[in-house]
Every structure is written in structure tokens, then in C-alpha cells.
Amino acid sequence: MFNLLSLSWRNIWRHRSRSLMTVGAVALAVFFTLFYLSFLGAMENGIYNNLTASVGHLQVRVEGYREKREFRDLLIPNAAGVEAQLAQKTQAARVIALEVPALIAGETRSRGALLLGNQRPPEMRARFIQQHLVEGTLPAVGDLEGIALGQALAKALKLRLGDPVYVYAPGTLGRGAAAYRLVGLLRFPDPAAEARSAYLSLAAAQELAAPGSATRIELHFPFTRYTQDAQLGPIQAQLAQQLGPGLSLESWKEVSPAIAQIFDLLTPLVLIFAALFFGLAGLLVLNTIYLSLLERTRELGVIVALGAGPAQVTRMVVLESLLLCSSGALVGGGLGLLSIAALSGGFSLEALYGEVGGVFGLPETIYLSLRAWDIPITLGFALATGLLAAWWPARVAASLEPVEAMRFTA
Amino acid sequence: MNLRFLLLICLLGLGPSNAATDPQAVLKAVVDNQRGGSLQATLTLNITRPERQTQLVLEVASDGNERAITWVKAPPREAGQAFLRVGDNIQLYNPTLKRVLRLPPSGRSDSFLGSDLSYSDLAGRDLEQDFTPRVEAESDTEITLELLPRPQAPTPYGKLVLRASKPGFVPREVLYYDQRGQAVRKITFAQWAQVGGRSFPTQVTVEDLLRPGHRTQMVYSNYRFGLPIPESCFTVRALEAGC
């Protein structure tokens with residue numbers, strides 16, 4: 001076997017430039033595949049974290065809430081009781097939210113907006129403030145007078161910090177109307193969301209529209225990678241059984257099915273690209289091996305005449321192909337891993353996709369990272385390329401007749 | 001030759017007589033009937049939902065055209081609110097806020113106090129302003145108009161089909177279609193009062209066709225037509241103080 005290996009290795013380097021070019025092509029395919037897979041992993045994790053931060057990993061809602069349109073039909077009564085019940089079953093952080101469609105007005109202008117009253121755990125509140133607050137403060141827990149508006153909404157209403165804000169929420173179950181003071185301005189990646197967002201404390205929203213109720217309770221688990229999401233299924237099934245009648249528990253995938261569909265499409269798309277890279281690289285490997293065989297036809301005839309069987313010849317050709325591919329994989333893999341390590345500290349693509357990225361929940365900073373199966377997938381592609389590229393030349397070589405081969409002239 | 005010429009003249013004469021129905025004029029006549037000229041009335045809204053029923057009592061004063069003012073009298077929870085429409089401008093007064101707020105144009109099709117009515121249904125001539133009519137079908141007793149939204153019209157609907165009886169173009173039914181062509185809302189008119197040559201429907205039922213059991217019936221009572229409504233009624237001051 002060692003003799004066969006050394007013979008194959010020597011054969012490869014007979015035409016140094018051609019072999020180097022082939023190794024380079026395989027190295028490029030491996031490099032791009034690793035880079036794409038790590039980029040995909042980073043995007044997946046980024047979108048996953050952005051999305052789950054805004055809607056939670058799991059969400060308690062009124063059953064059939066999508067078909068219900070009236071505000072009162074969307075309410076979870078005794079929200080604090082439901083939240084306390086969930087607290088006994090899970091350690092996940094919980095956010096109680098009440099969404100109220102309302103008319104929001106300043107002294108001269110008004111706009112329709114979605115008012116959100118919520119109660120977040122302190123660390124989540126601090127993160128929200130860090131990410132979204134641009135001026136002032138967020139209404140404190142239990143604050144009945146302060147309101148924070150999206151910067152675009154405040155601009156449209158010609159409001160500044162400290163100005164009075166009038167909220168009119170007809171058809172609700174609370175006071176239905178109230179005056180607040182603008183205490184904070186918020187920025188969101190999606191400009192349309194910023195132009196219709198208003199934030200109150202949960203207590204203020206409940207007083208305005210639905211005492212004691214909420215429209216959703218979010219459960220946030222300490223998952224930071226999309227791969228951890230697989231743990232969610234059993235937890236969801238277990239918690240759903242504990243909920244009272246009329247309530248449903250949905251995962252973020254069920255809440256945002258369009259984004260979940262994008263997630264399902266990302267990996268196959270990258271694998272199709274990887275297959276194309278390796279297909280092109282494979283053609284170069286095939287070309288190299290076949291040309292090398294043509295040039296050595298007479299030599300192969302002698303080898304066969306000396307007693308080498310078709311299996312040995314096939315092995316030699318396959319080995320040459322695998323050596324070319326594995327050398328390329330080594331170089332490309334090394335360069336890929338070094339690049340990924342260098343960029344794992346994070347880089348921004350905001351200049352590339354601008355505000356549109358925020359609309360789709362794309363992360364502002366990309367942290368390249370590889371998932372457990374990314375390296376085996378790439379190596380598998382390289383190995384398969386080597387084997388497939390060698391298949392036809394190996395068959396040609398194995399079927400050589402010694403006398404004819406020794407008479408062969410290219 | 002002369003006979004052929006006579007026949008041609010007859011045919012040409014028949015054409016214009018069928019096409020003479022001016023859809024815009026028909027729509028104007030329908031809206032005139034629907035609004036009934038200047039009016040003062042009590043309006044009772046019976047809001048029906050699968051699991052509950054709510055009643056609102058309103059006082060309305062309208063010049064029958066583009067100006068109307070509505071005060072909410074009952075239930076106590078909603079009482080004191082008032083709505084003023086002058087042309088495209090809708091303003092509302094809320095006693096809790098003690099303020100007048102202006103409703104943005106996009107809010108005109110929003111639900112009025114949780115009912116199936118929109119702010120546009122209460123007053124104004126949006127059907128004429130926002131839609132281009134076309135005669136879809138016509139018989140001796142009935143005419144059907146198809147109304148398509150004008151460009152930039154602040155309406156969520158893709159098409160309306162209005163049915164009126166002849167003569168007089170008395171409104172019978174309006175079907176609202178969404179942008180995909182699905183019927184989503186139906187307004188039915190009944191119990192007409194004869195007012196100076198107009199047939200004013202005193203009972204209007206609005207049905208949500210997407211949600212069975214969601215219906216709002218609007219019944220006019222104590223109505224008085226043709227009264228001169230003072231100009232002071234259509235002012236912001238009247239929202240709070242009345243007129």
C-alpha cells in the first residue's frame with residue numbers, strides 16, 4: 001500500500017504546475033464552502049437571536065388569535081396569574097406584553113400606532129435600552145405617566161422629550177384615553193416599525209386598555225445558537241399541557257413562519273453552491289488525472305504486463321485523485337479556518353444591506369462561526385469530488401490491454 | 001334604401017338611450033337618498049357579537065353633505081365623546097382627555113367605537129369622492145353600480161357593488177370587496193322615510209362577511225329633516241359644548 005501511495009504521489013508531481021492548479025481549485029472550493037457555511041451559521045444565529053429577543057422563544061397567546069380581530073378577544077385574562085403558573089414550570093425569563101391599537105396625538109398632529117405596554121426582567125430591559133433607546137429613558141416599571149415613542153413617530157407628531165402625548169384607544173376595556181409625557185425616543189432597524197411604535201409600562205397600558213390582562217406572554221430561554229433550538233420542542237409540549245383552556249403556546253417558528261421558512265432554505269442553498277464549487281473543481285481534477293493517464297499509457301501497459309491487476313491500477317488512479325483533493329482540502333481548510341478565526345470577532349455588513357437588513361431581522365454585526373457538522377460536510381464534499389473525478393479515468397486505466405497500451409502513441 | 005336609413009337611425013337612437021344612464025349621476029342620487037339632506041336624529045347602534053350585544057346611543061346633526069357632528073350619549077362609559085366631520089377632516093373630542101384630536105385620513109376606515117361601522121359610514125360622501133362608478137346591470141326596477149377606488153383614495157377596498165331600486169335610486173345594498181376580490185362587508189338599507197322626494201333609509205345593517213355573527217344595526221329615530229343646522233354646530237367648540 002505504501003508503495004502504491006508513494007507511486008501515486010510521484011505521479012502527481014510529474015506535472016507540477018498542472019497539479020498545483022488542481023490543488024488550488026480544490027483549495028478554493030473548500031475555502032469558499034467553509035467560509036459560506038460559517039457565514040450562514042453566523043446569519044442563522046444573528047437572525048435567531050434578534051427574532052427571539054423580540055418575540056421570545058415561546059409565546060402564550062389566546063387560542064386562535066390570528067382569526068380574532070377585536071381587541072377584547074385577544075386578551076389573556078389574569079395575565080399575572082398565568083405568568084406565575086409558568087414561573088413554577090420553567091426558569092425561562094418571562095415578558096408580559098399588552099398591545100393596544102391606538103390613536104397617538106401631539107398638540108397638532110395624530111397618527112395610528114401600536115402601543116406596547118410590557119414588563120421585562122431587568123437584564124432584558126437593560127439590553128432593550130442599550131439597543132434601542134437613543135434619548136431620554138424607558139418608562140419605569142409601574143410608571144403611569146411616561147411614554148417612549150419611536151423616533152420617526154415622534155418626528156411625525158412634532159414631539160420632543162417632555163411634551164404631552166395624548167392616546168386614544170376606543171373600544172378597549174380600560175379608560176380608553178389618557179395623556180402621558182414623552183420620556184424617551186427609540187430607534188428600530190425597521191423604519192416602518194419605528195413610525196408606529198409607542199412604549200408604556202405594563203401597568204399604564206393595562207390601566208388604559210385592559211386592566212389585569214395581556215395579549216401575550218413571552219418565554220425567553222438562554223439559547224444563543226440556532227442549534228440549541230432543538231431543545232425547544234419537548235419544553236413546548238410539556239408547558240402547553242400546563243396552560244389553562246383557551247390559551248395556546250407557540251414557538252417563534254409558529255409566530256414568524258416566513259422567517260422559519262427562510263431558515264429552512266438557507267442550508268440547502270449553501271449546499272447547492274458548495275456542490276457547484278466542487279463540481280467545477282472536480283472537472284479540473286478529472287482533467288489532470290485523465291491527461292496524466294494518457295501521458296503514462298505505455299508505462300501503465302508495462303505495469304499491467306508485469307502482473308498488476310485491474311484493481312491495483314484502479315487503486316493507484318483513485319489514490320492520485322484523492323491525494324490531489326486532500327492536498328487541496330488541507331490548504332483550503334487551513335486558509336478557511338484562519339480567515340474564520342480572524343473574522344470571528346465580528347464585522348458589520350450594514351453598509352452593504354443598509355436599513356433593509358433591519359426589516360428582515362438581519363444582524364448588524366456578523367460573528368463567523370462553524371457548526372459541528374460544517375467541517376465534516378466540507379471534507380465529505382472534497383472526498384466525493386476525488387472519488388467521482390477518478391471513477392472514469394480509473395475504469396479506462398483498469399481496462400488497458402498491455403500490448404495495445406505499450407504501442408500507444410499520444 | 002330609405003328603409004335601411006330609417007333602421008340605422010332607429011338603432012343609433014336606441015344606443016344613446018341605453019347609455020344615457022350616467023353612473024356618476026346615479027351615485028349622486030343614491031348618496032343624496034342615503035344622507036337625506038340636512039338632518040337631526042337620534043341614532044341607536046346595536047352591535048352584535050357571537051357572545052355579547054352592546055348598544056350605543058348617538059345624537060347626529062348633518063347638513064347632508066360634507067359636514068356632520070355626532071355626540072355619544074350612552075352608555076355612560078362612552079358618553080361625552082363627540083366626532084366632527086367637515087369634508088375630509090375628522091376630529092374627535094374625548095372627555096377623559098378634555099381634548100380634540102384629529103383623525104388621520106388613514107383612520108377613516110377604522111372601526112367606530114368597536115362597531116362594524118367606520119368613521120366614513122357615519123357621514124360624508126366618500127362613495128362619490130373616492131370611487132369611480134360604472135353601471136354593471138340595469139333593469140326597469142333596479143340598477144347595480146360597480147365602484148372602483150380612485151387613485152390615492154384612502155380606502156382599503158378593491159371594489160364596491162352598489163344596488164339601488166328604481167325609480168328614485170333608493171339604496172338597497174352595498175357589497176365591499178377586498179383587494180383580492182373577496183366580499184368582506186355588506187351594508188343593507190331598510191325602512192325608508194320619505195323626505196322631500198328622497199327615500200332615506202332609517203335602518204342600516206352592517207355585516208362583517210368574514211366573521212359570522214358580527215353585525216351592527218343602525219336605527220334612526222326622532223329624525224327631523226330639512227331643518228337649518230346652525231353653522232356653530234360644525235365647529236370644534238360644538239364637540240364639547242354642543243350647539
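The values are calculated or read from the model by the stated rules, or taken from the named source; none is laboratory data. In this text, all values refer to a predicted model and were calculated from it rather than measured experimentally. All Cβ positions, even for glycine, are placed from backbone atoms using ideal geometry, and neighbour counts span all protein chains on display. In case anyone asks, the SASA skips ligands and DNA or RNA and just uses the protein heavy atoms, side chains included. Shrake-Rupley method; radii C 1.70, N 1.55, O 1.52, S 1.80 Å.
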Unmet criterion (only one of (1) among the small types (G, A, S); (2) modelled with pLDDT of 95 or more; (3) at positive phi) for B:A183: (3)
The range A:90-134, subset within 14 Å of another protein chain (Cβ to nearest Cβ) and either among the aromatic types (F, W, Y) or free of Cβ contacts under 8 Å to residues at least 60 places away in the same chain (or both), residue nearest to A:F71 (Cα to Cα): A:S110
Meets criteria (β-branched (V, I, T), open to solvent by less than 10 Å² (accessible area, probe 1.4 Å) and outside the structural domain of A:G41 (by the TED database)) for A:V141: no
Check on B:N94, without any contact (Cβ under 8 Å) to a residue 60 or more places away in the chain and within 23 Å of A:R72 (Cα to Cα): yes
So A:A195, is it farther than 20 Å from A:L51 by Cα and under 28 Å from the mean Cα position of the chain (by Cα): no
Candidate set from the range A:57-71 (those that are open to solvent by less than 30 Å² (accessible area, probe 1.4 Å) and at pLDDT 95 or above); member that is farthest from the other protein chains (Cβ to nearest Cβ): A:H57
Some residue of the range B:211-232 being more than 14 Å from every other protein chain (Cβ to nearest Cβ), touching a Cys at 6+ places or on another chain (Cβ under 7 Å) and either without any contact (Cβ under 8 Å) to a residue 12 or more places away in the chain or open to solvent by 30 Å² or more (accessible area, probe 1.4 Å) (or both): yes
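Conditions tested, residue by residue: (1) assigned to a helix (DSSP H, G or I); (2) open to solvent by less than 70 Å² (accessible area, probe 1.4 Å).
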| residue | (1), (2) |
| --- | --- |
| A:S6 | yes, yes |
| A:R16 | yes, no |
| A:G24 | yes, yes |
| A:F35 | yes, yes |
| A:E44 | yes, yes |
| A:L51 | yes, yes |
| A:I104 | no, yes |
Of the criteria (1) touching a strand residue (DSSP E or B) at 6+ places or on another chain (Cβ under 6 Å); (2) farther than 20 Å from A:Y166 by Cβ; (3) not polar (S, T, N, Q), which one B:L97 fails: (2)
Criterion (away from every other protein chain (no Cβ under 14 Å) and within 30 Å of A:P376 (Cα to Cα)) met by exactly one of A:N49, A:N78: A:N49
Any hit, the range B:176-186, residues being polar (S, T, N, Q), more than 27 Å from B:Q40 (Cα to Cα) and not in a loop (DSSP other than H, G, I, E, B): no
Total residues in the range B:233-243, condition surrounded by 14 or more Cβ atoms within 10 Å (Cβ to Cβ) and part of a loop (DSSP other than H, G, I, E, B): 2
Test: A:R160 is crowded, with 20+ Cβ neighbours inside 10 Å and charged (D, E, K, R): no
Test: residue in the range B:134-146 that is closer than 18 Å to B:D178 by Cβ, at pLDDT below 95 and under 18 Å from the mean Cα position of the chain (by Cα): no
Filter pass, A:E67 being in the same structural domain as A:P310 (by the TED database), of a type outside the set (K, R) and farther than 30 Å from A:N287 by Cβ: no
Strands (runs of 3 or more DSSP E) completely within the range A:166-261 that count 2 or more residues being among the small types (G, A, S) and either more than 14 Å from every other protein chain (Cβ to nearest Cβ) or in contact (Cβ under 8 Å) with a residue 40 or more places away in the chain (or both): A:197-201, A:247-251
Condition met for A:T33 (within 14 Å of chain B (Cβ to nearest Cβ) and either farther than 21 Å from A:E250 by Cα or touching a residue at least 12 places away in the same chain (Cβ under 8 Å) (or both)): no
Of residues in the range B:150-196 being in contact (Cβ under 8 Å) with a residue 24 or more places away in the chain and among the small types (G, A, S), the one most open to solvent (accessible area, probe 1.4 Å): B:G196
Strands (runs of 3 or more DSSP E) wholly inside the range B:89-175 that include at least 1 residues being more than 14 Å from chain A (Cβ to nearest Cβ): B:131-138, B:142-149, B:159-165
Test: residue in the range B:70-83 that is open to solvent by less than 20 Å² (accessible area, probe 1.4 Å), modelled with pLDDT under 90 and out of contact with any Pro (no Cβ under 7 Å at 6 or more places or on another chain): no
Hits in the range B:56-69 - residues which are surrounded by fewer than 17 Cβ atoms within 10 Å (Cβ to Cβ) and either within 14 Å of another protein chain (Cβ to nearest Cβ) or assigned to a strand (DSSP E or B) (or both): B:V57, B:E59
Residue in the range A:128-136 that is in contact with an Asp or Glu (Cβ under 9 Å, 6 or more places away or on another chain), open to solvent by 50 Å² or more (accessible area, probe 1.4 Å) and of a type in the set (A, V, I, L, M, F, W, C) present: no
The one condition in (1) open to solvent by 70 Å² or more (accessible area, probe 1.4 Å); (2) at pLDDT 80 or above that A:V359 fails to fulfil: (2)
